[in-house]
1. Restricting the search to the range 181-195, which residues are in contact (Cβ under 8 Å) with a residue 12 or more places away in the chain and either in a helix (DSSP H, G or I) or open to solvent by 20 Å² or more (accessible area, probe 1.4 Å) (or both)?
2. Run G131 past the list (1) open to solvent by 20 Å² or more (accessible area, probe 1.4 Å); (2) at negative phi and report the number of the one that doesn't hold.
3. For the range 6-15, state whether one or more residues are part of a helix (DSSP H, G or I) and either within 17 Å of N122 (Cα to Cα) or open to solvent by 60 Å² or more (accessible area, probe 1.4 Å) (or both).
4. Check every one of the helices (runs of 4 or more DSSP H) wholly within the range 60-161 and list those with 2 or more residues that are within 27 Å of S33 (Cα to Cα).
5. Could you check L198 against (1) open to solvent by 10 Å² or more (accessible area, probe 1.4 Å); (2) of a type in the set (A, V, I, L, M); (3) more than 16 Å from K6 (Cβ to Cβ) and say which number it fails?
6. Return only the number of the condition from (1) touching a residue at least 60 places away in the same chain (Cβ under 8 Å); (2) surrounded by fewer than 15 Cβ atoms within 10 Å (Cβ to Cβ) that G178 does not satisfy.
7. Given (1) surrounded by fewer than 19 Cβ atoms within 10 Å (Cβ to Cβ); (2) part of a helix (DSSP H, G or I); (3) in contact (Cβ under 8 Å) with a residue 60 or more places away in the chain, identify the lone condition not met by T2.
8. Looking only at the range 23-35, count every residue that is more than 9 Å from ligand 1 (Cβ to nearest atom) and open to solvent by 10 Å² or more (accessible area, probe 1.4 Å) and tell me the total.
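The values are calculated or read from the model by the stated rules, or taken from the named source; none is laboratory data. Everything numeric here is computed off the predicted structure, so don't read it as measured data. Here Cβ is always computed from backbone atoms with ideal geometry, including for glycine, and neighbour counts include all displayed protein chains. These area figures cover heavy atoms from the full protein model, side chains too; ligands, DNA and RNA do not enter into them. Shrake-Rupley method; radii C 1.70, N 1.55, O 1.52, S 1.80 Å.
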Amino acid sequence: MTKYPKLFIFDLDGVITDTAEYHYLAWKQLAQSLGVTIDRQFNEKLKGISRMDSLEKILALKPELLTMSMEEKQQLATQKNEYYKTLINQITPKDILPGIEKLLKEIQENKIKIALGSASKNAPVVIDRLGLTNYFDYMVDAAKVKRGKPDPETFTVAADYFGFAYADCIGVEDSAAGIEAINRAGMFSVGIGDSEHLHEADYLVSDTSQLNMDKIIEKFASK
Ligand code: BG6
Ligand code: MG
């Protein structure tokens, strides 16, 4: 019998909508205020990881900043989130990336469960603004995840909620940390992006318009 998946777990930022760009712009603005310049290449390391882990990576670019107190770090992380929140205020359903809603609809029609596995504490708000809340059977609460990506916890928590075997799950990600997390969970990984950063994905597409449910399931079944 052909292997058929029970659950799709979607990352949010950079997969469902282009908030990965907003995270980048917000970090760039914060970094600038600290006298640090970051570029898109460096930003690849920030994708998928938590707010505080991202801040630590930026501070490490200027070693004298690393001596900052935890309170100061918290203030900076909050500041970045304020920049970010002003950017996501503008989000509407028009910001859903190409092919994503069609894919969610098809998965739902085929009675496969859908979960959101994002590291972002802003995820439920963004999904709501996009008008996609009804597609999700479960959303992982980023605030409750102890070990962020590349640890598999974000993905295993979703599978455990349904009681599904990890081998029956498919994770969709745009970050190297996320692909590593899915692979370490023993799930099938779908990457969106380029092979320079996402070469470990089981199946890679260049952008969301290339995502096709039957094709993904075919690849999953033949792994
Ligand atoms: C991830 C993003 O989804 O969420 C990261 O890829 C971001 O860039 C992380 O830092 C945490 O998000 P937030 O909204 O809680 O700061
Ligand atoms: Mg992402």
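1. Step one: of the range 181-195, the residues in contact (Cβ under 8 Å) with a residue 12 or more places away in the chain are 181-194.
A181, I182, N183, R184, A185, G186, G193, D194, listed by residue number.
2. Only one criterion in (1) open to solvent by 20 Å² or more (accessible area, probe 1.4 Å); (2) at negative phi is unmet by G131, namely (2).
3. Going through the range 6-15, the residues part of a helix (DSSP H, G or I) turn out to be none.
No, that holds for no residue.
4. Details: elements: 70-88, 100-109, 123-130.
Helices (runs of 4 or more DSSP H) meeting the threshold: 70-88, 123-130.
5. So L198 meets the others, but not (1).
6. That leaves (2) as the condition not met.
7. With (1) surrounded by fewer than 19 Cβ atoms within 10 Å (Cβ to Cβ); (2) part of a helix (DSSP H, G or I); (3) in contact (Cβ under 8 Å) with a residue 60 or more places away in the chain applied to T2, the lone miss is (2).
8. The first filter runs over the range 23-35 and keeps only residues more than 9 Å from ligand 1 (Cβ to nearest atom), leaving 25, 28-35.
Now restrict to residues that are open to solvent by 10 Å² or more (accessible area, probe 1.4 Å): 25, 28-29, 32-35.
The qualifying residues number 7.
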